Amino acid sequence: MENKKTGAQTFVLCNPPSISGHANVVGEKEGQGPLKNSFDVISIDDTFGERSWEKAEVEMQKQALTMALTKAKQTPSILDFLFAGDLLNQCISAGYAARNTGIPFFGLYGACSTMGESLSLAALLLDGGFGEWGAAVTSSHFCSAERQYRAPLEYGGQRTPTSQWTATAAGAVVLAKNGEGPYVTHVTPGCIRDKGIKDANNMGAAMAWAAYDTISQHLKDTNRSTSYYDLIITGDLGKLGMEIVIDLFAEDGIDITPNYTDCGVLLFDLKEQDVHCGASGCGCSASVLTGYLLNGMRAGQWNNILFCTTGALHSPTALGQGESIPGICHAVAISTCK
């Protein structure tokens, strides 16, 4: 049996799955940002025609997956499995979106790291020969997330300078065991890291150490330098969290800035859109990946990307009990070549 693990945490996909189709759906605010030309659907109605924000998120996932399958020239019946998740309790958006599809379903919760987690697991199964087609879907919604994690919008609470704006967005990726690139070539699952941050409005700081840890481990496991990648991108650390990652690498004597950015910094215009430290929510990295990043790879802008989604693994219950906020980061190497 071939050994597919290198180093302490990284898996090498010997038969790299192809990203056959990808699509996204976003809200009006996201559609007013710098990446507006990379989105498939921009809705001016954040309810997406539904009666609640939670039902709107279900519709977003349905639309994203349908469009990704259309781009891959496939139907739902072709999928051997679907990995999907969201920010809501019991992953209800993903579960309700999948309930009438007839697709074998794995519901995931990785907070804002869910796109990286779902993409990793789908790619690993295909590489292992456990299917021919798989999909990864993730979403978040500003209004449903605020209601669950902080306070109802009607409360009108003032946001702190370190806070981020939960993206109203969904992204879907359809993977094929065989096909043209881009390809998923390596997966580095992260370990939970906790620096004792207890402020739910400072999640960038809570997740930054996990991002640094996973990226460092990936580079060590693969014997690569940061310059190997055309782009290293974290998932919604925001401005503050991104600055912390840069400082942590600088302490190691590594300047990561030439090819490093963050989905939470890219999604909105930080100066014009009043989002403070940037975007958050698992729909943030999902929509940036399925639009800006993969479109750019297909256009020849980048050949090798390290996509590193970050998540704050907390809940209102845990924070109410005085717990800190653990962070996680999963790294996925995507290349235009096998």
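Quick notes on this structure:
- Reducing the stretch 280-338 and the stretch 166-201 to their Cα centroids gives an inter-centroid distance of 4 Å.
- Computed over the stretch 162-254, Kirkwood Rh from alpha-carbon pairs, angstrom: 15.3 Å
- Here the spin labels are modelled as points 7 Å beyond Cα on the Cα-Cβ line, and at LYS338 and ASN3 they lie 2.4 nm apart.
- Per-residue ellipticity at 222 nm computed for the chain from its helices equals -9000 deg cm²/dmol, with DSSP H segments shorter than 4 residues left out and the rest contributing -39,500 (n - 2.57).
- Full extension of the chain between ASN295 and ASN223 gives 23.1 nm of extra length, using 0.36 nm per residue less the Cα-Cα distance.
- Whole-Hz ³J(HN,Hα) from phi, Karplus 6.51 cos²θ - 1.76 cosθ + 1.60, for the stretch 301-307, glycine and proline x: 6, 9, 9, 9, 10, 10, 9
- Restricting the calculation to Cα atoms, every distinct pair contributes to the Kirkwood radius of the stretch 183-335, found to be 15.6 Å.
- Site pair ILE246 and THR47 shows an inter-label distance of 4.2 nm when each label is modelled 7 Å from Cα along Cα→Cβ.
- For the stretch 17-176, the square roots of the Cα gyration tensor eigenvalues, ordered a ≥ b ≥ c, give a/c of at least 1.5 with a/b greater than b/c, which places it in the prolate category.
- Computed P(r) (all Cα pairs; the chain; 10 Å bins; percent): 6, 29, 38, 22, 5, 0
- Among THR309, THR234, THR185, residue whose mean-square fluctuation peaks in a GNM of the chain (springs only between Cα atoms under 10 Å): THR185
- In sequence order, calculated HN-Hα J values of the stretch 36-52 (Karplus, 6.51, -1.76, 1.60; Hz; x Gly/Pro): 4, 6, 9, 9, 7, 9, 10, 9, 7, 10, 6, 8, 6, x, 9, 8, 8
- Qualifying aspartates and glutamates (Cα of each under 19 Å from Cα of LYS271; at least 8 residues distant if same chain): GLU28, GLU30, ASP236, GLU243, ASP262
- Under 15 Å of direct C-alpha separation, and excluding same-chain neighbours fewer than eight residues apart, LYS5 reaches these aspartates and glutamates: ASP127, ASP221.
- Of LYS73/LYS177; LYS55/LYS198; LYS4/LYS71; LYS36/LYS220; LYS71/LYS220, pairs whose Cα-Cα distance is over 26 Å: LYS55/LYS198; LYS4/LYS71; LYS36/LYS220; LYS71/LYS220
- Charged-residue dipole, Cβ positions (Lys, Arg, Asp, Glu), the chain about Cα centre, Debye nearest 20: 560 debye
- Relative packing of peptides 111-117, 122-128, 287-293 - highest average C-beta neighbours within 10 Å first: 111-117, 287-293, 122-128
- Spin-label pair CYS14/ASN89, simplified geometry with 7 Å Cα→Cβ offset, distance in nm: 4.6 nm
- Three-way shape label, the stretch 246-297, alpha-carbon gyration tensor, a/c 1.5: oblate
Bear in mind that the values in this text are calculations on the coordinates, not laboratory data. What you see is a predicted model; the values in this text were computed from it and never measured. Here Cβ is always computed from backbone atoms with ideal geometry, including for glycine, and neighbour counts include all displayed protein chains.
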